[in-house]
There are 4 protein chains.
Amino acid sequence: MTTFGESHGAAMGAVVDGCPAGLYLNEEDINQELRRRRPGYSAYTSPRKEEDEVKILSGVFEGRTTGAPLMLLIENRDKDSFSYQSIRGIYRPGHANFTYLMKYGLMDERGGGRASARETVARVAAGAVAKKFLQEQGILCCAFLSQVGEIFFQEQKGVTVEMLQKKIYASAVFCPDEEASQRMMQEIEKAKIEGDSIGACVTCIAQVPAGLGDPVYDKLSARLGFAMLSIPAAKGFEMGRGFQSAGMRGSCYNDGFILNDQGQVSTKTNHAGGVLGGISTGMPLTIRVAFKPASGIRLEQESVNDKKEKVKLRMAPSGRHDPCVAIRAVPVVEAMMALTLADAVLLQRCATLKYPS
Amino acid sequence: MTTFGESHGAAMGAVVDGCPAGLYLNEEDINQELRRRRPGYSAYTSPRKEEDEVKILSGVFEGRTTGAPLMLLIENRDKDSFSYQSIRGIYRPGHANFTYLMKYGLMDERGGGRASARETVARVAAGAVAKKFLQEQGILCCAFLSQVGEIFFQEQKGVTVEMLQKKIYASAVFCPDEEASQRMMQEIEKAKIEGDSIGACVTCIAQVPAGLGDPVYDKLSARLGFAMLSIPAAKGFEMGRGFQSAGMRGSCYNDGFILNDQGQVSTKTNHAGGVLGGISTGMPLTIRVAFKPASGIRLEQESVNDKKEKVKLRMAPSGRHDPCVAIRAVPVVEAMMALTLADAVLLQRCATLKYPS
Amino acid sequence: MTTFGESHGAAMGAVVDGCPAGLYLNEEDINQELRRRRPGYSAYTSPRKEEDEVKILSGVFEGRTTGAPLMLLIENRDKDSFSYQSIRGIYRPGHANFTYLMKYGLMDERGGGRASARETVARVAAGAVAKKFLQEQGILCCAFLSQVGEIFFQEQKGVTVEMLQKKIYASAVFCPDEEASQRMMQEIEKAKIEGDSIGACVTCIAQVPAGLGDPVYDKLSARLGFAMLSIPAAKGFEMGRGFQSAGMRGSCYNDGFILNDQGQVSTKTNHAGGVLGGISTGMPLTIRVAFKPASGIRLEQESVNDKKEKVKLRMAPSGRHDPCVAIRAVPVVEAMMALTLADAVLLQRCATLKYPS
Amino acid sequence: MTTFGESHGAAMGAVVDGCPAGLYLNEEDINQELRRRRPGYSAYTSPRKEEDEVKILSGVFEGRTTGAPLMLLIENRDKDSFSYQSIRGIYRPGHANFTYLMKYGLMDERGGGRASARETVARVAAGAVAKKFLQEQGILCCAFLSQVGEIFFQEQKGVTVEMLQKKIYASAVFCPDEEASQRMMQEIEKAKIEGDSIGACVTCIAQVPAGLGDPVYDKLSARLGFAMLSIPAAKGFEMGRGFQSAGMRGSCYNDGFILNDQGQVSTKTNHAGGVLGGISTGMPLTIRVAFKPASGIRLEQESVNDKKEKVKLRMAPSGRHDPCVAIRAVPVVEAMMALTLADAVLLQRCATLKYPS
């Protein structure tokens, strides 16, 4: 996958190369996912109207993929309404305009340029293709909000992806628990009123067969970490028990092998989060991604400008303030999971001499 | 970098391609780093004698790199003393032999095959080359043990990499604080006596210029996450405040820009861990990696074998039991940091039209 | 560079990643190159009206590249006028619809799908960006038609790229010699009248500094061969004396080093075509690419269809018959040369410890 | 595949990553191919004794590949007997020491460094693995000398790879025709006596299924061209009729589809050399590679040294003069063909939604 586009340019998009031929795919498959980026309650995310619609410009013939690159284009309809003129030349705290200047020698003042969360719409579109491909292989995944500030949600054992999906879609903040959703919304509302933003965690679970991933550099855990940490504002990644593992003993941590009710080899617990030695065990893949609070707050902050003068600034206009960007990150995490898994499924076809049966 | 070799095969090694010509490099530069993998107190790590010595088989002429691929070979001298016969066919809890079988259709019973921690010797060797290259650019990094079980060490603000390095080398467990080292050793000793293992965290800090990394997929944070999560037993990765960010407000999290004492643009705090929008800010890069407790414990565990029979096993022979593998991971984390940064430094040469001055 | 699009889809395009920041670039820079794909005399190429115009959808801000991916989009305006219904299911001789079916299990009957020469418009657009970048480095290249059927044109020694460029643009068949142009046009006209097509060769010359390219797998000659052989209908590639070398003696072939008039090390002859050991010598890079005659002829041919019946077919409709596709390949060869050289120039920045002065 | 090593360093080798698990492989499989690099009559190639023997240092367990990287090591036993001292600092005509200096800022005087033909031993070793894999898929290939100076050998139609292989192995110059072999040997002997070298062409034929290769950039023809042009001294590449195509008419060139005796779709002729639109047709893949005469001749040549003085030199010592390097290139061409095809076979597993049946 290659994406392109800036938040305030003409269009965003992705070129998906390597999608196998013969997959049924239409624009509605993708638009459906894009709509999920726009949760129902305007209070909890940015009120920008992004009625994103994808055009598939290549790679599909008579409703099926041809094996050629898929070009997915999404026009930017609601751009540039805010003038960034007032903060021109100011290094914005927590924002990438300073580091872009250091790297490229110039600043693109309009929105976040490539660093904008808007770039992720292309990932969701590409992820929709990957999800369709995975469905054909019987692989499902879902992401949800598992933490907002100090409010936590812990999924219960034995819950399947299908069960979670319904509940996630029903929640304005993509959290499968109604009570937790309510408390998260209150927390977000509070930050919003105060002109502040708040951090959050997204959890993603996938049901996959054993044997996916590579043993050394391209461990499934490393590929997933790479994919998730490329999402704007992601600051941490863990699999299974993750950082808790550092405080555990091996006798407790090791997931003992058992025979499950179907007589198949499985593990009693899943502290490893579905991966051993970089390869999937067949237990649910479980990852968690930490997102920092968005830099764009309405509160006044101190900074410096490109003339090395001290300045004060308000980074977010009142209208476009998004108190908890991680809500929008939920479908992005799901998309990146799907893209990573689709890759792993295709690579697995090359792991043995004969095709695996 | 490409590595190869299994823990119980004839040799390990790495081919390092893309090292610029003209770097002064000899075998001692690398052996010095390899020796660091063998901390002084046998009580705290595996007693295997691995007096690793590298041979540079190609890529160096008259003491300097030629631009050709470097072949670094390390022979395995102390292999195969333990017979794995007794656990043949048993799926080892927390170990990759089950997932290898699922992926490749066969099991390599001797040690962990490619999944063995032994593979990391090749990374340390390659990392030594990267560190030499980085030194020429004025870039330094160091890793240390920051958590063992419930024992934590938090580095103090304003401490430089040079100051840390001395203290780290003085500690048997690579922890720059004497008191914390003592408590960590006690914790490890306790686990060892009980035939158990214990998890840990490694922190790594690097002093780098602003402008390294890429804004979208190849974010410096994503590249570092990928590198670290490819280390055996790594289960979590975070930058700066990492998972704590999820509980923070933007007004507190955002690192305000200031002018430092040298009149340069800097930030007051470094919650972001030295990266904004995937590109380095010039503040110290700070990452933390969580390692699960090693699977190879002496305590008896329950499992299943390849005939689907329930079995009991002791995974570690009494002699080779390593209660805290994360100690050995410290130089590996440092090596992976160096390799990732060397890549980023070279790529940065291509970021602008003219070479950056 | 990633391209996408089919000849009969909605649009073609390229995503150019890795272009350094700070390059002055506008749509006219690219459109100018696209117009060169449409030579003046309709008699010698396909009469399709392709008034291609590029839109730069991302990667440029205030007239300069930002370092972000460039998205170049070209809409397909003159598509689908011919119904391919009549040849549905027939394996077309010399055409890729049979091999696509073998590979992907389906056929896209509309034009050539990805195999269409139309795909090359995206390469020319991307090449225009590379040419702008190379100009800044003082690197120039030009391609021309050097053979049509039995008519040859051999460039004279000592002619510079600038001198050739003017003459090439003046010729309807991109041949820098007026008399040869006339004879080539007659040859093409003859083939056209007979409903047949004709093969041709394209030569490309570039003035580059010494030191570009890699010594082993990524030899400059190998990269150029790869780039050129990916152009539709290319069947051969050679550097310098190429296949003639096989008939030569070393004493005659070896290009002796001399000091040129500026006192610089140069070679007396250039049989090697500007490359030794995969790296440029500083002498003009000289390559030649052979193109087979286009498969789409008006003459009746015998074939087989997907029901395994013998059939007869006329592959080209009278209106869209292109007797010598290699004319259109001239700017494509030039574009692929520019893209390959731009890559090599950027990679060369990483070859030594310090930036080369 | 990654190779490393210099002709006068300690060892050569290759790391082969991505070889599927389960392939039967032992060192003799590879040594057998390595021996083919040493043809019987010392008169026709360099008399260096290279009794190359490979060690498989990793990736094989109990006689089968494990899916882990294969490390193939070949020690250099007969190095450094010639002192290159006498030609130190001299730019050797037709040799890469000048271009290496331009690229890397230094010269490795011992032999050709990475540019030495010796590097190809690693390719032959890696190719042996690929050939074993291809055998399992029923894919065969063979290479032979088809031209030396003005002496040509043209294979006859309808000859299979098996038939050719026997005859090739029987010839001291890898030419399947006895009479042509004799005349080639005379031609080479003549050049040798005169202290000169001579160019040559190698042809390679492979029997492969339809559907291999990619339609756009990674055309099978482009991949093969890239692989072949990375061989030292290669100056030209063509598929099927190659450069002759430029002189042909479409009505003659197009390979008409027919049903063969087994009722399968095939083509009457094979001017395309087994590839249409970058994808294999199922007809024999046929390529030809042109090699320039070796630069290392005994005749005196004029050149310049690094002090910009005119000098005369004899590049080859009397003992080590190799008049026709292309003989040694025959197994290398075969190896590169096998490696490219093995890649294409694995990639084809990902081309469609379900595994191809």
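Remark: accessible surface ordering of C:TYR217, A:TYR91 (largest first) is C:TYR217, A:TYR91, probe radius 1.4 Å.
Cross-linked pairs C:LYS131/C:LYS166; B:LYS354/D:LYS103; C:LYS103/C:LYS312; C:LYS219/D:LYS103; D:LYS132/D:LYS235; C:LYS132/D:LYS103: Cα-Cα separations exceed 20 Å for C:LYS103/C:LYS312; D:LYS132/D:LYS235; C:LYS132/D:LYS103.
All Cα-Cα separations within the protein assembly as shown were binned at 10 Å from zero, giving a P(r) of 2, 8, 16, 21, 22, 17, 10, 4, 1, 0, each value a whole percent of the pairs. Here the relative contact order of the range A:204-288, from alpha carbon pairs under 8 Å that lie six or more residues apart, stands at 47 percent. Taking all protein chains together and a 1.4 Å probe, the residues A:ASP196, B:ASP218 rank B:ASP218, A:ASP196 from largest to smallest accessible area. The simple Förster model, with R0 at 22 Å and r as the Cβ-Cβ distance, assigns D:GLN135 and D:ARG35 a FRET efficiency of 0.75. Helical runs (DSSP H, four residues minimum) scored at -39500 (n - 2.57) apiece and divided by the length of chain D put the mean residue ellipticity at 222 nm at -8500 deg cm²/dmol. Site pair A:ILE193 and D:VAL161 shows an inter-label distance of 7.6 nm when each label is modelled 7 Å from Cα along Cα→Cβ. Distance between the pseudo-spin-label points of A:GLU62 and C:LEU299 (7 Å out from Cα toward the beta carbon): 3.2 nm.
Once backbone amide H atoms are built at 1.01 Å from N, A:LEU276 has A:THR281 as its partners under 5 Å, excluding neighbours fewer than 5 places away on the same chain. Shielding value for B:15-26 is 4, the average number of Cβ atoms from other chains within 10 Å of each residue's Cβ. A point 7 Å from Cα along Cα→Cβ stands in for D:ASN260, and the other copies hold the same point at 4.7, 5.2, 7.0 nm, listed in rising order.
Annotation: per residue accessible area for the range D:200-249 equals 20 Å², rounded to a whole number [probe 1.4 Å, protein chains only]. For the residues of D:139-150, the average number of beta carbons from a partner chain within 10 Å of their own beta carbon is 1. Of the DSSP H helices in chain A, those with a Cα length along their own long axis of 30 Å or more and a mean Kyte-Doolittle hydropathy reaching 1.0 comprise A:326-348.
For the protein assembly as shown, with all protein chains in place and a probe radius of 1.4 Å, 48% of the accessible heavy-atom surface sits on carbon or sulfur. Considering only alpha-carbon pairs that sit under 8 angstrom and 6 or more positions apart, the relative contact order computed for the range A:163-240 is 11 percent.
Convex hull volume of the Cα atoms of chain D, normalised per residue: 160 Å³. Only lysines eight or more places from A:LYS308 in sequence, or on another chain, were considered; those with a Cα closer than 17 Å are B:LYS268. Copy-to-copy label distances for D:GLU28, where each label lies 7 Å from Cα along Cα-to-Cβ, are 4.6, 6.4, 7.4 nm in order of increasing length. Take chain C, connect every pair of alpha-carbon atoms lying under 10 Å apart with a spring to form a Gaussian network, then pick out the residue of C:GLU162, C:GLU309, C:GLU53 with the largest mean-square fluctuation. Looking only at C:GLU162, C:GLU309, C:GLU53, the biggest GNM fluctuation is shown by C:GLU309.
Cross-link partners of C:LYS310 among aspartates and glutamates, defined as those whose alpha carbon lies under 16 angstrom from its own and excluding same-chain residues fewer than eight positions apart: C:GLU300, C:GLU302, D:ASP255, D:ASP261. Shielding of peptide D:259-270 by partners, expressed as the average count of other chain Cβ atoms within 10 Å per residue Cβ, is 2. A simple spin-label model places pseudo-atoms 7 Å from Cα toward Cβ; at B:GLN186 and D:LYS268 they are separated by 9.2 nm. Dividing the convex hull volume of the alpha carbon atoms of the range B:115-175 by its residue count gives 115 Å³ per residue. Counting from the shortest, the label point at D:ASP306, 7 Å from Cα toward Cβ, is 4.4, 5.7, 6.4 nm from the same position in each remaining copy.
The values are calculated or read from the model by the stated rules, or taken from the named source; none is laboratory data. If you're wondering where the values come from, they're calculated on a predicted model, not measured in any experiment. In this analysis, Cβ positions are derived from the backbone assuming ideal geometry, glycine residues included, and neighbour counts consider all displayed protein chains. Calculation scope for accessible area: heavy atoms of the full protein, side chains included, ligands and nucleic acids excluded. Shrake-Rupley method; radii C 1.70, N 1.55, O 1.52, S 1.80 Å.
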